[in-house]
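First up is the structure itself, then whatever we jot down about it.
The values are calculated or read from the model by the stated rules, or taken from the named source; none is laboratory data. Remember, it's a predicted structure, so these values are computed and weren't measured experimentally. Cβ: placed from backbone, ideal geometry, glycine included. Neighbour counts: every protein chain shown.
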Amino acid sequence: GVKALELANEFRKVIEPRLPAGLLDGLKEDLALISKAGGEAQAEIDKLKGYTGTQNENCKRGLDFCSSVKESLKRGKASPDCLKAAGVGTRLNPNKVSSIIGGVMAIIDAYSKFSEEFRRSGVLPTDIEKGNKILLSLNAADLVQENAKANKKRVTAERNVLRKRVESAVDVIRGVGMLQFLDNPSIAARFEELIPKKGKGKKKEEEPQQK
């Protein structure tokens, strides 16, 4: 795109009358926007990596919380109903945020129904408060990560639209330049080279030698 714009500006006086109005100025703006979009796309990728790291940390905290509380309830010989309500015996998926959120929520809900059994097992209100904070962090990190993914998709889509518009403008400039300089092959060739030729055709198969 940049090469096409530079070449078109070099011969602007003679080819501009053949071009759609505003094509060259529009191409200049689109090239600037593509450069900016490229930076934004990388920024979104970097941001997403940061959110993923935070989410992974919160998931580990959630898993550790659930494991510790469940172990305490088992050691404290809590009733079967209490153990079931707290999710004892239910496996959590360490790679799925919703699974960990469900595990933490089960423990918090079970505490509201079996608080005495929790306390006899050594699980204090301060522990449940930690669980609530972990739950908030998990939900927040999950929401932020989903927003970051959506923004990344948006930036990529915008850049693709710009790229197609630039490719279309380059194609027009190439055709106009080749026509304008039909009698000047060296300049016409420069315009033709704006779009690389496709791979060379397959070589002809060698004919078998006659014996």
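One line per residue, one yes/no per condition, for (1) at positive phi; (2) at pLDDT 85 or above; (3) touching an Asp or Glu at 6+ places or on another chain (Cβ under 8 Å); (4) not hydroxyl-bearing (Ser, Thr, Tyr):
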site: ALA32; (1), (2), (3), (4): no, no, no, yes
site: ALA43; (1), (2), (3), (4): no, no, no, yes
site: THR54; (1), (2), (3), (4): no, no, no, no
site: LEU63; (1), (2), (3), (4): no, yes, no, yes
site: ARG75; (1), (2), (3), (4): no, yes, no, yes
site: LYS84; (1), (2), (3), (4): no, yes, no, yes
site: ILE100; (1), (2), (3), (4): no, yes, no, yes
site: ASP109; (1), (2), (3), (4): no, yes, no, yes
site: GLU117; (1), (2), (3), (4): no, yes, no, yes
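State all residues of segment 65-91 that are outside any helix (DSSP H, G or I) and surrounded by fewer than 19 Cβ atoms within 10 Å (Cβ to Cβ); if no residue qualifies, say none.
Within segment 65-91, GLY76, LYS77, SER79, GLY89, THR90, ARG91 qualify.
Test each condition in (1) modelled with pLDDT of 80 or more; (2) farther than 30 Å from LYS3 by Cβ for ASP142 and report the one that comes out false.
Looking at each condition in turn, ASP142 falls short on (1).
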